[in-house]
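See structure below.
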Amino acid sequence: MAFAGRRDVPEPPDFGILKRLARDQLIYLLEQLPGKKDLFIEADLMSPLDRIANVSILKQHEVDKLYKVESRPAPSASDQFCFLVRPRIRTMRYIADIVNADKMSGRSRKYKIIFSPQKFYACEMVLEEEGVFGDVTCDEWSFYLLPLDEDIISMELPEFFRDYFLEGDHRWINSVARALQLLNSLYGPFGKAYGIGRCAKMSYELWRDLEEESEGDGQGRKPEIGNIFLMDRDTDYVTALCSQVVYEGLVDDTFRIKCGSVDFGPDVTSSDKSIKVLLNAQDKVFSQIRNEHFSSVFGFLSQKSRNLQAQYDRRRGMDIKQMKNFVSQELKGLKQEHRLLSLHIGACESIMKKKTKQDFQEMIKAEHSLLEGVDVRESTSFIEEHIDRQVSPIESLRLMCLLSITENGLIPKDYRSLKTQYLQSYGPEHLLTFHNLKHVGLLTEQAAGETLTAVESKVSKLVTDRAAGKITDAFNSLARKSNFRAISKKLGLIPRVDGEYDLKMPRDMAYVFSGAYVPLSCKIIEQVLERRGWLGLEEVVRLLNGNEFSVSDSAVEDNPAWESQRVILAVFLGGCTFSEIAALRFLGKERGCKFIFLTTAITNSARMMEAMIEAKA
Amino acid sequence: MSRARADEEEYWHSSKFRAFTFDDEDDELSQLKESKRAVNSLRDIVDDDDDDLERVSWSGEPVGSISWSIKETASSSTSSLEGRDSGLQKGSSSYAAFPKQVSSYSLSSLFKGELCLSLSALSDTGVKNYAPELRRPKAEYKDYSSDWSPKDTVRRMQRGKVCSLERFRSLQDKLVLLDEAVAGHDGNVITAVLIFLKRTLRREILFRELEVRQVALCHLIHFLKEAGEQKLLLDLLRFLDRTEEVALSQYREHLNIQDVEKRREFLKGCIGLPFSAEDTSHIQDHYTLLERQIIIEANDRHLETAGQSEVFRKYPRKASILNMPLVTTLFYSCFYHYTEAEVRMMWKKRRIPDKQYVLTALAARAKLRAWDDVDALFTTKNWLGYTKKKAPIGFHRVVEILQRNNAPVQVLQEYVRLVEDVETRLNLATKYKCHDVVIETYKDLKDRIQLTAYKCKVERGSAEEEKINSILNNMVRNASNPMEELSTCEAACLGVAASERRNCKTQSSANRATLLLLIA
């Protein structure tokens, strides 16, 4: 199938439909509240909303004023309020306060809450408790999928990571299942499904459950996507914790790409204002450098500038007619290219400036040592110094987590001293952060297993065997060992260095980490697709704590000639990094297949760490 | 309850679906056929959108398919079925009556074409899920309130429909319902069931049952956290014997206390909480830190407004020190109060590792350009009375910090000279133009070539150039006489500013000692 030699990479399906569907449904919902209305939008929904609709569309549907949820409601004369929100208890209270305040002052209005992507029962309960149930109408905007690019679809649910992996809440699994159902109905049927992780398994099961009820209308249709691979983020934390060095990843780490666009500040634009830039395949310059290792980006950009200069220079010696042609046909394109080039050159400069200030080289060196498992003491003292100098709370945390995961936990002495110094450098309240990190298994102390076993056996005595099994499972998931070293050896994640690794002509996916490490998540996907299942990977699966599956739908016609056989939907539950995307794009090119990414959100190490920090309510 | 129910029943009894009851549920073919007929029969009800009936939606589902039509029906029939837009099905007594919504029928019929199509594809609950109900209308609608099995209840809730949970009254029923919810993998439903259980069970009983249901337990804890039901959360955690979590959860509340005095009081109370021994000391530190900060803050605000202290006049405070980390507070103290012996003593006593102390004090004093303090920070005397420079952090770091604070070359080179690794020393010295250090290092290495090459980096006719020349000459004549070299070095040192002389002496006496060792 997919890997039978190098072939042309299939074109990705058109995901524009998803945007249209979401937009149309939103319009429909707005029309449900006819007449002029004020719209209150949740902050996290603004960027996604921007990508599918604009203010004029909202205005067309009689939205009068726009407000941000959580801001103090301005005294508004409008008779109708519409709230576009995520299903959160906090937000419900905010809305209830507005409604109750109106009631007190004898103001009567119509209120409508539109939940995206779905409504939660707990929210309704809060509305009921606050005495406003009945005063508001509720609706759901099933905006599960936002295509960020031609091959990336995001659910824009960054909270998925914390909710599932830290709190153990399964609230978003239904959303994932419904998203899969929608994709399956539009681009499927997916003939083969692979996956690893508890959440992957549950999402798959719930999705199948939904499909079973839907009368299999996709049967016999020619699919556009033939395979699907689901993976939990906790299968591979290591990759997400590494510093990114492919251009797109670096831009994300440095400037934060939000919903596919980035704000380049004055230091990049070399003017006094910021520019918002959409980063996707349409950007002719960006699309050529996004997947490249940072070291090759400079060369590319300067080559490109020279070409551009040459094209401008052709003007000289043109006669009037040629000049006219040039101006009308080429100049605009050249100007556009010029603008993009100068932006990306500016971004590179800014990245370089920031990174040299932070001893980026030293940090990368320490990371590579950790990945390889050499010079652990040196890396530990590097981290220690990082903390002592108060360099960056997030970076320090990230490095500690990387140390912990690669070493299967910190030795107690180190754990204690690093923790103490961290609390002294960045604030004692991070005690809570450490607790959270320990809970998810990102930053642990070695030999913590004993205490857990004690609790486990105590609980087990209380219950029947079957239930005890479940509990043991639950405990395992809490205290899961990373086993990184063993997995790395088994899968050959650290490439043997013979001579210099040519980052311009990469030979494997390790190029996304300067040739030092093949991302584990991507390696697993590669291996499973190659073997068309988990056969032969038993040991790896065991080290990854199981929960793997591989199912082919016998009802779906399996036609090897179909291009869809070479299109794989890679689903990352808990977030996916640009480095992983770059690595799989590379793999796709090598093997003549196309990866489509579905992720709960784009993530990176900083976002993961921030999700673990406790903020005031 | 139950106007909605009655309405629904009425609907189902009058509808044409009634004819289709299937005994053999497994016969998919017959289901399909029947579904088709159902669709056809529905056309009579919904014949307002004739144009659209032939279309195919994005999901490949023909418009006018069951789900699509029923959606239309649901909104068109006055007795709104449980369409996702209507809150009517909340007939259960636990919910307040919900005002009937304006039927969407008239509106949706306004939107023909693509809009309708997309809606049929998107409206999750509307699309696919009516089929099972069609299949067994009789069985399921005969007695609405009591016929849903726990499994079906969970399924319906997963599809976004509200079901009455009131009839699950026995503990057994409640637990079966909970287990089904957990098996269904939908956290939203699990939480909904838990809210119901929480309302209808004594808490000890609920807690006891949750103890062996870890997944459900996580959901309840998360819900309580989000809903801010702190008291119940603490009770639950205590019941489970999760004492550390009890402590952390209480400690967490300090984040919400703005007033520092209240915060300090609160933290004092946290010291007695059942933390691990290690964490208890962190909490204790947190308390004493804030206590200290409150004192400093009051003191310094006074000093600042009085305008007597020079350092406060020259460097006005940018922010309050309250609630800052310990190291920041240390920096602050080193910046504003370094000379006060009492303050220094206090900091020395704390559990701050040497490294951290030195780094912070260095940064603070360097910022004030107090080079003597910097010097003192690294000077130790050994038992022979020799002074010696020592740093717990590596002198390359020291150089870096000094450089960032724009230290003059004379200061910088002193520390560059102390960098042990020759290569690093050369790099730093070259980078920061500490010519003397470069020259001396090459001399020590006896590297004529590099030394000659370096000549072009220094100013023509400068003291440095002269020095290079004289070294080069000496090297030819007396390369093997270490004492001779030493004197050259000393001579060179004389060129340095007078204030630095003392250190040069130190340096050269250290050199002398090394050389003596070498000779021996």
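Observations on the structure shown:
- Filter result (assigned to a loop (DSSP other than H, G, I, E, B), at pLDDT below 85 and touching a Gly at 6+ places or on another chain (Cβ under 8 Å)) within the stretch A:253-310: A:Ser270
- Test set (1) in contact with a strand residue (DSSP E or B) (Cβ under 9 Å, 6 or more places away or on another chain); (2) within 10 Å of chain B (Cβ to nearest Cβ); (3) within 23 Å of A:Arg171 (Cα to Cα) - A:Ile113 fails condition number: (2)
- If the condition is being of a type in the set (Phe, Trp, Tyr), in a helix (DSSP H, G or I) and in contact (Cβ under 8 Å) with a residue 24 or more places away in the chain, then the stretch B:249-293 contributes only B:Tyr251.
- Check on A:Ser142, open to solvent by less than 20 Å² (accessible area, probe 1.4 Å) and of a type in the set (S, T, N, Q): yes
- Among all positions in the stretch A:55-66, there is at least one residue which is open to solvent by less than 30 Å² (accessible area, probe 1.4 Å) and either β-branched (Val, Ile, Thr) or farther than 15 Å from A:Lys112 by Cβ (or both).
- The stretch A:423-447 residues that are more than 7 Å from chain B (Cβ to nearest Cβ) and part of a loop (DSSP other than H, G, I, E, B), paired with ones that are open to solvent by 30 Å² or more (accessible area, probe 1.4 Å) and not aliphatic (A, V, I, L, M) (beta carbon under 6 Å, 6 or more apart): A:Gly441/A:Arg480; A:Thr444/A:Lys438
- Against the list (1) open to solvent by 40 Å² or more (accessible area, probe 1.4 Å); (2) at positive phi, the condition A:Val551 fails is (2).
To keep it simple, each residue is scored yes or no on (1) surrounded by 15 or more Cβ atoms within 10 Å (Cβ to Cβ); (2) not in a helix (DSSP H, G or I).
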| site | (1), (2) |
| --- | --- |
| A:Lys332 | no, no |
| A:Leu341 | yes, no |
| A:Glu349 | no, no |
| A:Ile364 | yes, no |
| A:Leu371 | yes, no |
| A:Val374 | no, yes |
| A:Ile394 | yes, no |
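- Any hit, the stretch B:272-284, residues being under 23 Å from A:Arg90 (Cβ atoms), out of contact with any Asp or Glu (no Cβ under 9 Å at 6 or more places or on another chain) and more than 7 Å from chain A (Cβ to nearest Cβ): no
- Residue among A:Thr420, A:Thr356 that alone is buried (at least 19 other Cβ atoms within 10 Å of the Cβ), of a type in the set (Ser, Thr, Tyr), in a helix (DSSP H, G or I) and within 14 Å of chain B (Cβ to nearest Cβ): A:Thr420
- Considered as a group, the residues in the stretch B:197-232 that are open to solvent by 10 Å² or more (accessible area, probe 1.4 Å) and more than 26 Å from B:Tyr251 (Cα to Cα) include one that is nearest to the other protein chains (Cβ to nearest Cβ), and that residue is B:Val212.
- Scan of the stretch B:272-302 for residues that are buried (at least 16 other Cβ atoms within 10 Å of the Cβ), among the aliphatic types (A, V, I, L, M) and out of contact with any Lys or Arg (no Cβ under 6 Å at 6 or more places or on another chain), ordered by number: B:Leu273, B:Ile283, B:Leu289, B:Ile294, B:Ile296
- Annotation: of all residues in the stretch A:107-120 being touching an Asp or Glu at 6+ places or on another chain (Cβ under 6 Å) and in a loop (DSSP other than H, G, I, E, B), the one that is surrounded by the fewest Cβ atoms within 10 Å (Cβ to Cβ) is A:Arg109.
- Verdict on B:Lys388 being modelled with pLDDT under 80 and either loosely packed, with under 14 Cβ neighbours inside 10 Å or aromatic (Phe, Trp, Tyr) (or both): yes
- Residue within the stretch B:315-322 that is surrounded by 11 or more Cβ atoms within 10 Å (Cβ to Cβ), among the hydrophobic types (A, V, I, L, M, F, W, C) and in a helix (DSSP H, G or I) present: no
- Residues considered: B:Arg397, B:Arg365, B:Arg425. Of these, the only one that is within 36 Å of the chain's Cα centre (by Cα), surrounded by 20 or more Cβ atoms within 10 Å (Cβ to Cβ), away from every other protein chain (no Cβ under 14 Å) and not in a loop (DSSP other than H, G, I, E, B) is B:Arg365.
- Positions within the stretch B:154-174 being among the aliphatic types (A, V, I, L, M), touching a helix residue (DSSP H, G or I) at 6+ places or on another chain (Cβ under 6 Å) and open to solvent by 10 Å² or more (accessible area, probe 1.4 Å), in sequence order: B:Leu165
- So A:Thr254, is it open to solvent by 10 Å² or more (accessible area, probe 1.4 Å) and among the hydroxyl-bearing types (Ser, Thr, Tyr): yes
- Residue in the stretch A:515-526 that is open to solvent by 20 Å² or more (accessible area, probe 1.4 Å), without any contact (Cβ under 8 Å) to a residue 60 or more places away in the chain, at negative phi and not in a loop (DSSP other than H, G, I, E, B) present: yes
- Residues being on the phi > 0 side of the Ramachandran plot and open to solvent by less than 50 Å² (accessible area, probe 1.4 Å) - total across the stretch B:400-422: 0
- Qualifying residue in the stretch B:179-193 (condition: over 29 Å from A:Met612 (Cβ atoms) and away from chain A (no Cβ under 11 Å)): yes
- Where helices (runs of 4 or more DSSP H) fall wholly inside the stretch A:121-237, no range has 3 or more residues that are at the interface with another protein chain (Cβ under 9 Å from one of its Cβ atoms) and among the aromatic types (Phe, Trp, Tyr).
- One residue stands out among those in the stretch A:583-616 that are of a type in the set (Gly, Ala, Ser), surrounded by fewer than 23 Cβ atoms within 10 Å (Cβ to Cβ) and in contact (Cβ under 8 Å) with a residue 24 or more places away in the chain: the one that is nearest to A:Lys523 (Cα to Cα), which is A:Gly588.
The values are calculated or read from the model by the stated rules, or taken from the named source; none is laboratory data. Only a predicted model underlies this, so the values are computations on that prediction, with no experimental measurement involved. As a convention, Cβ positions derive from the backbone with ideal geometry for all residues, glycine included, and neighbour counts pool all protein chains shown. In case anyone asks, the SASA skips ligands and DNA or RNA and just uses the protein heavy atoms, side chains included. Shrake-Rupley method; radii C 1.70, N 1.55, O 1.52, S 1.80 Å.
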